[in-house]
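One structure is given below, encoded as structure tokens.
The values are calculated or read from the model by the stated rules, or taken from the named source; none is laboratory data. Because the structure is predicted, anything quoted here is derived from the model rather than measured. Cβ: placed from backbone, ideal geometry, glycine included. Neighbour counts: every protein chain shown.
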Amino acid sequence: MKKQSTWLWVLAGIIALALFGDEVLGLLGAVIGLVVSIGITGLVMLAVVLGAFALVVAVGGSVAVAMVVAAVALVAVLFSWLWPYLLLFGIIYLLVRKRPKAV
């Protein structure tokens, strides 16, 4: 009985792969694309922050002022890049949180 059940699962998996293979590969490609885009965006963020730091130091500001400007640039870049994700996580949090009970 167990051997027959295993063959049924293998057959069902092959049929599912034949019917839904394009969707599975599309989802896998989307996930890989998201990981690559986040990596490239992270490198661009670092380039913006390093550019702000270098600009302040080149103009004649101190290292402390350059660090503050770089931190502000990092916050600005992070907020502009992360706000859709923060909004999505906020909506998901509101949907799945435990609601306080009225007293």
Can you tell me which of (1) surrounded by 14 or more Cβ atoms within 10 Å (Cβ to Cβ); (2) at pLDDT 85 or above is the one Ala71 doesn't meet? (1)
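Matching residues to (1) in contact with a Gly (Cβ under 6 Å, 6 or more places away or on another chain); (2) modelled with pLDDT of 85 or more; (3) farther than 21 Å from Leu78 by Cα; (4) surrounded by 12 or more Cβ atoms within 10 Å (Cβ to Cβ):
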{"site": "Leu28", "(1), (2), (3), (4)": "no, yes, yes, no"}
{"site": "Ser37", "(1), (2), (3), (4)": "no, no, no, no"}
{"site": "Thr41", "(1), (2), (3), (4)": "no, no, no, yes"}
{"site": "Met45", "(1), (2), (3), (4)": "no, no, no, yes"}
{"site": "Ala58", "(1), (2), (3), (4)": "no, yes, yes, no"}
{"site": "Gly61", "(1), (2), (3), (4)": "no, no, yes, yes"}
{"site": "Ala66", "(1), (2), (3), (4)": "no, yes, no, yes"}
Of Val44, Val68, which residue is part of a helix (DSSP H, G or I), under 28 Å from the mean Cα position of the chain (by Cα) and either under 25 Å from Pro84 (Cα atoms) or not hydrophobic (A, V, I, L, M, F, W, C) (or both)? Val44
Failed item, numbered, when Val49 is tested on (1) under 22 Å from Leu82 (Cα atoms); (2) without any contact (Cβ under 8 Å) to a residue 24 or more places away in the chain; (3) aliphatic (A, V, I, L, M): (2)
Any residue in the stretch 78-103 that's of a type in the set (D, E, K, R): show its pairings with residues that are in a helix (DSSP H, G or I) and surrounded by 10 or more Cβ atoms within 10 Å (Cβ to Cβ) at Cβ separation under 7 Å, as long as the two are six or more apart or on different chains. none
Any residue in the stretch 52-62 that is hydroxyl-bearing (Ser, Thr, Tyr) and assigned to a loop (DSSP other than H, G, I, E, B)? yes
